[in-house]
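Following: one structure in structure tokens, then a few remarks.
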There are 2 protein chains.
Amino acid sequence: MPERKPKVLVVGSGGVGAIGALCLTLNDKADVTLVVRSDYAKVNESGYSIKSVTYGEHENWKPRHIAKSVADASERFGEFDFILLTTKNIPDGPITCEDIIRPAVTPRTAIILLQNGLGIEKPMIEQFPHNVILSGVTLLCSTNINCVVCNSLKDQIYLGAWSNLNIKNHAEKEQSAINEFTRIYSNEYNKVFIDENVEKTRWEKLLYNAALNSTTTIVNLDVSRCQIAGANNELFRPAMREIVAIAASEGVEISPETVEKFIHISDGQFYSPSMCVDARKKQLFESEIILGNPIKIAEANGVETPVLKTLYTLLSMVQFRIKEEKGIIKIDENEYRNTNSDSYPDILKK
Amino acid sequence: MPERKPKVLVVGSGGVGAIGALCLTLNDKADVTLVVRSDYAKVNESGYSIKSVTYGEHENWKPRHIAKSVADASERFGEFDFILLTTKNIPDGPITCEDIIRPAVTPRTAIILLQNGLGIEKPMIEQFPHNVILSGVTLLCSTNINCVVCNSLKDQIYLGAWSNLNIKNHAEKEQSAINEFTRIYSNEYNKVFIDENVEKTRWEKLLYNAALNSTTTIVNLDVSRCQIAGANNELFRPAMREIVAIAASEGVEISPETVEKFIHISDGQFYSPSMCVDARKKQLFESEIILGNPIKIAEANGVETPVLKTLYTLLSMVQFRIKEEKGIIKIDENEYRNTNSDSYPDILKK
């Protein structure tokens, strides 16, 4: 009897999730299920069209299993050894990541957060206190627009344990999960870095996301146009310096060279970060994990972050506008007519 | 022979200019010319439709003279004792206020700046070193949309001298101009306050404009929605505190009560400030005199203004986007392809 292949559920079928599912399928060391929500019928019929600098071109490609929802996946193809979570992480949106994956989490499941932002591991451990949680950072540059997937940077994943002290011998179990996932994911085209300090890697990537994603989203301009308008010195570097200060207050040292790397990483590209693209499409974006959580840490540690707080407040207002446009929040103007503006009901907490 | 009435040229036929011309015409103590640029044919044909809480309703109203341009006005109806300047003040736009009025300025002309913002008197004195310059703040709330003028607050003007040391006996001449304008403008419906400290009045009005106009413009939300989203504590008060600090560094004391007055002045109104309305219409707005100039003063005086600087940079980027959309600036992306983003050509200074 052949050895049972580990079962992997990929949640999130955007650019990162589709490429992750493709890689695992090509390697053929795992049994892959991909959750495909809005595009299910289309993908079931004709699959994806993929152009990847890492894995080549694939027409009408789909993984072994696709499912309409996490619950559907769990019923038909569980139980899963790994959940590879690649969705946006929007705790202030209609559903949290924890609730999204809940139907598929079993005691054996290691949960890999291949997502941006800071502070995303804690709520996951709170909700699933006895599961192994791995934290991953990808530098893959990949989009999925109407089932056409374009990946333009080599697939590199930084993967580390997020110590879960609830688990007996947690380090050993976490290391075992890292090794196993690295075994089924690695091939000659990609690179999985086992990251002893994935927290630092997250802070470093946050330099870009906190400064550039937020600014481009607020003003609806690509990175290069912001820079032509003077953003490097007036906004990007001041915002990044505050990120460096918060990280330092957590014992994470970020070098000036790393700051400059991210200042220049989009030079001449006229690139619009995904958050800015989401806002243009009137989709919710990750303001809490990109700015809200770092600011909470700053406040707890007594670090001043006036620039980040201003960006965060403005970004939250853009998100507020989009939520109202989408009908996620509704404002009855009459409710506010004779009210002191310091006592306005906080509709976001309703 | 009857006494010669003072000639007044009103420049700017928005809500403030139209009401100013109406008041002066009704009083019949001045010979009024209004410059009407884009709407000239329409106003010449059928005048304005005015609903004013101060001056009542007027259909098909127009002042004695209208002119297509300042030069046209000067040729046909000059020379003017007063220029009442009510346009937006956009030094970074296609034409400065100084250049707008230049064709009509003669040695006898007193120039009244009935405009928002800070630092608008200095360039005026530099360009017209021997003219009397008066500085005015209006709390009139008035719009002109397609020649329909709606004025919803009582017409009150704070008027003061802006000492022009180039003029011999300047205080006397300035006071004489104030008295004369007050005489021709005042009536039983309005109020002209002779303001010994118009600089302070400007700083106070700036509290609202710097914090609320800029925020609503950047995020495209009205004031009340910003407040529902938490703006009072997260953004408006921090920005206003910085304005208070800059004013203090100039010897101008603003009370906490004044801050609170402007925080609450739009409570429950779901009001969109004119800057926000301009941005929605893709028109340029007054980012320099509302934020740029106060920040320059802060830098000269060593006052930290991280919130205002962040708002200013973002607001300038929104203006940048509108300038590109209007074709005022053009970006050739190829020019930037292989360039370090710290060395991008500054297209705004071209």
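The values are calculated or read from the model by the stated rules, or taken from the named source; none is laboratory data. Computed from a predicted structure; not experimentally measured. In this analysis, Cβ positions are derived from the backbone assuming ideal geometry, glycine residues included, and neighbour counts consider all displayed protein chains.
So the values come out like this:
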read-out	value
Every residue from the range A:211-231 that is facing another protein chain (nearest Cβ under 9 Å) and either acidic (Asp, Glu) or not in a helix (DSSP H, G or I) (or both)	A:ASN220, A:LEU221, A:ALA229, A:GLY230
B:LYS281 of a type outside the set (Phe, Trp, Tyr) and either within 14 Å of chain A (Cβ to nearest Cβ) or surrounded by 14 or more Cβ atoms within 10 Å (Cβ to Cβ) (or both)	no
Spans of strands (runs of 3 or more DSSP E) in the range A:23-137 with at least 3 residues in contact (Cβ under 8 Å) with a residue 24 or more places away in the chain	A:31-35, A:48-52, A:65-67, A:82-85, A:110-114
The range A:212-248, residues that are among the small types (Gly, Ala, Ser), touching a residue at least 60 places away in the same chain (Cβ under 8 Å) and either assigned by the TED database to the domain that holds A:SER135 or within 20 Å of B:TYR344 (Cβ to Cβ) (or both)	A:ALA239
Test result for B:SER176, more than 23 Å from B:ILE246 (Cα to Cα) and in contact (Cβ under 8 Å) with a residue 24 or more places away in the chain	no
Yes/no for B:GLN175 being at pLDDT 95 or above, within 25 Å of B:ASN131 (Cα to Cα) and part of a helix (DSSP H, G or I)	yes
The range A:130-155, subset surrounded by 15 or more Cβ atoms within 10 Å (Cβ to Cβ), in contact with a Phe, Trp or Tyr (Cβ under 8 Å, 6 or more places away or on another chain) and hydrophobic (A, V, I, L, M, F, W, C), residue farthest from A:ILE178 (Cα to Cα)	A:CYS147
In the range B:251-269, the residues that are surrounded by 16 or more Cβ atoms within 10 Å (Cβ to Cβ) and not acidic (Asp, Glu)	B:VAL252, B:ILE254, B:THR258, B:VAL259, B:PHE262, B:ILE263, B:SER266, B:GLY268
Residue tally, condition touching a residue at least 24 places away in the same chain (Cβ under 8 Å) and within 24 Å of the chain's Cα centre (by Cα), over the range B:254-274	14
Qualifying residues in the range A:297-306 (those that are over 16 Å from A:GLY251 (Cα atoms) and surrounded by fewer than 21 Cβ atoms within 10 Å (Cβ to Cβ)) - the one nearest to the other protein chains (Cβ to nearest Cβ)	A:PRO306
Members of the range A:307-328 that are without any contact (Cβ under 8 Å) to a residue 60 or more places away in the chain, more than 9 Å from every other protein chain (Cβ to nearest Cβ) and surrounded by 12 or more Cβ atoms within 10 Å (Cβ to Cβ)	A:ILE322, A:LYS323, A:LYS326
Out of B:GLN127, B:GLN115, sole residue that is modelled with pLDDT of 95 or more and touching a strand residue (DSSP E or B) at 6+ places or on another chain (Cβ under 9 Å)	B:GLN115
